[in-house]
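Below is one structure, written out as structure tokens; comments come after it.
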Amino acid sequence: MDEKFLKPYNPAATEDARYAAWEASGYFTPEQLVADGIVAPNAPVFSMVLPPPNVTGTLHTGHAAMLAVEDILARFHRMRGCRTLWIPGTDSAALATQTKVESLIYKKEKRTRYDFTREDFLARVNQFAKESERTILNQVKKMGSSLDWSRYAFTLDERRYRAVTEAFVRMYEAGLIYRGHRIVNWDPKMQTTVSDDEVAYVEETTPFYYLRYGPFTIGTARPETKFGDKYVVMHPDDARYAQYQHGQKITVEWINGTVEATIIKDAAIDPEFGTGVMTITPWHDAVDFAIAERHGLDKEQIIDEQGKLLPVAGEFAGMHIQKARPRIVEKLKEKGLVVRVDERYTHRIATNSRGGGIIEPQIKEQWFVAVNKEFPMPPSRFSTLKEGAPVTLKTIMREAVASGDIRIMPSRFEKIYFRWIDQLHDWCISRQIWYGHRIPVWYRGEERYCGVTPPEGEGWEQDPDTLDTWFSSGLWTLSTLGWPEETEDLATYHPTSVLETGYDILFFWVARMILMTGFLHGEPPFRAVYLHGMVRDEKGRKMSKSLGNIIDPLDLIQKYGADALRLALIIGAAAGNDIKLSEERVRGYKHFANKLWNIARFVLSRTEGVSLERDFAAWQEEDRALIAARDALLEEVTEDLTHFRLHLAADKLYHYVWDVFAAQIIEESKPILEGADRAAAASRAQLLLHTLDALLRALHPFVPFVTEEIWQSWPHRDRPLLMVARWPIGTDRREK
RNA sequence: GCACUCUUAGCUCAGUUGGCUAGAGCGCUCCCUUCACACGGGAGAGGUCGCAGGUUCGAGUCCUGCAGAGUGCACCA
């Protein structure tokens, strides 16, 4: 027996070496599994892409949970003999990364991006990204992730750039990407648009003003936007205002003098709200914009891109809206235009969830993906979307899931997904930042060119904007497998078997992958979606810097081992449910790794010279019964894993090891092994070996490090690495 | 406003398609350094499974209502 078993299991001294050995074996790559006869050349395929972490980020507990689940799935399928591929990558996270670099440069050098040329600035961002890349990748490895590093992809590398450009051009040519003047979410702080899904609403209590507008009283929480209001809108059936005709003009005294106002009747007005009358600011409000579009009304910009008032505001021009508001209210009061104020009005203000500022809607010329535009379905392998049938991108997204071509787990998220699709608007994909995939469109006067390569001739200017980072992420299963080329990888591994990710990016990512892959490749990007919950602190709060409750997974790995962390993140964490993580839980599972270690020590010390021959005929009746019970449990575990019930599988193995194998079987074995009945002793010794052998295999996906470390000192191993040993169920059956 | 989730031991949570005396981790009490393991073992305290109905031979598990907590979505100025 190896002397290392005389000491307690020490994960910190073990894990890096075990990972290095796995990596060196080449078995993270499916071709190597085939080449060495580990799996058959025509074996079933199991493939996944890693949701790429931010290249400039560091590993957090959410990543740890994701890696634990995915690695368990990968190792399970690899051991079952599948050609298993799990593709790693990182995301440029354009907006987040650029913001980070901008702030670093400003701190150090007091320079902003406008002090650089675009090329020089991008060189700085790229340099920073390259430097940080190693950090996150090493941290991913610390979790034991069996990723195929030979296929590593970065969302901004050359192959991915090609895929993104190609996708844009194809969608442009199909009329599904267009450029238009529309109201968008503008972040004055980050100086860019953001998509609807990136907007987060924060509750705020502010005063609500009732203002005199000619014969009407209108309500607003934002008097600073009201300067240009010259349309007063009411419901067509509102009897109180029946005397006013649609289109009728009236003169009213307003903030900066008299204005000619036009009466508009529109059913969007809720007569029950406030006074049932409102004025509109089409340039800075989506509802107002829609009303203005319906009636062909003028739209005037009041606030500029920095959040400052324009000349229409008269004496307030040039002032930031935050500062101007109290003064405007003051002036309104002086003029006697304030009828009443509700001091405590609760409403939601739009903020940029990506760490930006308060969203100020603006009308801008931007690029959009048309989600409601009908087109003939391209060649398709979807079960309910036939080539040539009239569809929209929404249809593809809905049908892919409704038909069962894609299964979302837990299923309640399917409902949430459908709801989201129903109210989806066209997706604004252009961003006014520099870091990212540049839009492949060039202009020359009135001419416009869209193509994968720049246009011929002089005088062309490329669109300065870049694409929403989710546009490139949406291609991830395709772009990592070589699309737009018809590669062997694409033919073999696409659609991927399962996409595992957090439920918080169901809309951002999962839905957009379905949209883009469905249109561009005519099939789903994956067969199943497994959504894990958010990792929270022991009190159930979100982890955040401001709360100071962030748990660093690397600390936990250092103290308790990656195996312990994996179990803590898996056991008790059903799909879609949030996970509360506490250090005590992780410590508890470290004890499990040590328990296993000591079990191995006991079994090895008592079975020296015993072979693992499975001579079941010579076994004692009760030992055969124990094996049968064990195999029944392993059947259940296998079934659970097949159905993504990882938490149950892990829990069952944990209890079998501790409560059955250690507490009962091993304890009973002590007198048997020492007893006078040598046949019984021999039978029992084989049972111990046989069971530990099976348990090491079955536990390996969950606790790969400690099981592999034991395996390396296991005299009975049939493969040099446990990682590529056979799954226990199926093996015995053949031999019986 | 609409939708969804949660409410099980002191704390944090499992309990897959309804089925034997309801479980885990941590914590608590008492005992044990017995030859795999004190990162251990033994014994134990602790639960009307939110509340009220219903379906069923049988419900923590399904249905209805109520209460509390939370999340997502929404163009109520």
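The values are calculated or read from the model by the stated rules, or taken from the named source; none is laboratory data. The structure presented is a predicted model; accordingly, all values stated were derived computationally and were not measured. Note that we place each Cβ from the backbone using ideal geometry, even for glycine, and neighbour counts take in every protein chain shown. Keep in mind that these areas ignore ligands, DNA and RNA; they rest on the heavy atoms of the full protein, side chains included. Shrake-Rupley method; radii C 1.70, N 1.55, O 1.52, S 1.80 Å.
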Mean-position separation - Cα centroids, the stretch A:156-209 and the stretch A:341-416, in angstrom: 13 Å
Cα-projected label distance for A:ARG240 with A:ASN10, points at 7 Å along beta-carbon direction, nm: 8.0 nm
Per residue Cα convex hull volume in Å³ - calculated over the stretch A:244-325: 119 Å³
Rounded FRET efficiency, nearest 0.05, which uses the C-beta distance separating A:GLU639 from A:LYS394 and R0 of 45 Å: 0.80
Simple spin-label estimate for A:ALA317 and A:ASP615 in nanometres, 7 Å along Cα-Cβ: 10.2 nm
Amide H contacts of A:ALA153 (H built 1.01 Å from N, under 5 Å, at least 5 apart or other chain): A:GLY89, A:THR90
Per residue value of the accessible surface for the stretch A:8-128 (all protein chains in place, 1.4 Å probe), Å²: 38 Å²
Quotient of C-alpha Rg and 2.2 N^0.38 Å, computed over chain A: 1.17
Segment A:ALA123-A:VAL34, length gained on full extension (0.36 nm per residue, minus Cα span): 27.9 nm
Cα Rg, Dmax, the stretch A:586-719, angstrom units: 14.7, 47
Cβ-Cβ FRET estimate between A:ASP422 and A:THR58, R0 fixed at 25 Å, reported to 0.05: 0.10
Å² per residue, accessible surface of the stretch A:258-330 at 1.4 Å: 48 Å²
Spin-label pair A:THR384/A:ASP463, simplified geometry with 7 Å Cα→Cβ offset, distance in nm: 3.3 nm
Mean projected area (nm²) of the alpha-carbon convex hull when the stretch A:297-358 is viewed from all directions: 6.4 nm²
Amide N of the stretch A:333-360 lying under 15 Å from the label point, which is placed 7 angstrom from the Cα of A:GLU203 along Cα→Cβ: A:344-350
Overall form of the stretch A:534-619 per C-alpha gyration tensor (a/c, 1.5; a/b vs b/c): prolate
Length released on extending from A:PHE375 to A:SER713, taking residue separation times 0.36 nm less the Cα-Cα span: 115.5 nm
Cα centroid of the stretch A:568-637 to Cα centroid of the stretch A:421-481, whole Å: 53 Å
Kirkwood Rh, Cα atoms: Rg over Rh of the stretch A:53-169: 1.06
Mean Cβ neighbour count within 10 Å, used as a protection proxy, ranking A:679-689, A:507-517 highest first: A:507-517, A:679-689
Formal net charge of residues neighbouring A:TYR345 (Cβ-Cβ distance under 12 Å; K, R +1; D, E -1): 0
Residue list for the stretch A:45-73, given a label point 7 angstrom along the Cα-to-Cβ vector of A:LEU104 and an amide N cut-off under 15 Å: A:54-59
Chain A: relative contact order in percent, alpha carbon pairs under 8 Å with at least 6 residues between: 17 percent
5 Å binning of all Cα-Cα separations within the stretch A:339-477, expressed as whole percents from 0 upward: 2, 7, 11, 14, 17, 14, 13, 10, 6, 3, 2, 1, 0
Mean Cβ neighbour count within 10 Å, used as a protection proxy, ranking A:694-700, A:43-49 highest first: A:694-700, A:43-49
GluC sites (Glu not before Pro) within the stretch A:486-547: DSSP coil, no more than 16 neighbouring Cβ in 10 Å: A:GLU486, A:GLU538
Peptides A:170-180, A:219-229, A:63-73 ordered by average Cβ neighbours within 10 Å, highest first: A:63-73, A:219-229, A:170-180
Interchain or long-range residues, amide H under 5 Å from A:ILE579's placed H: A:MET534, A:VAL535, A:ARG536
Residues A:ALA286 and A:THR487, FRET efficiency given R0 of 41 Å [Cβ-Cβ distance, rounded to 0.05]: 0.45
Long-range HN-HN contacts of A:GLY502 with modeled amide H, under 5 Å: A:HIS532
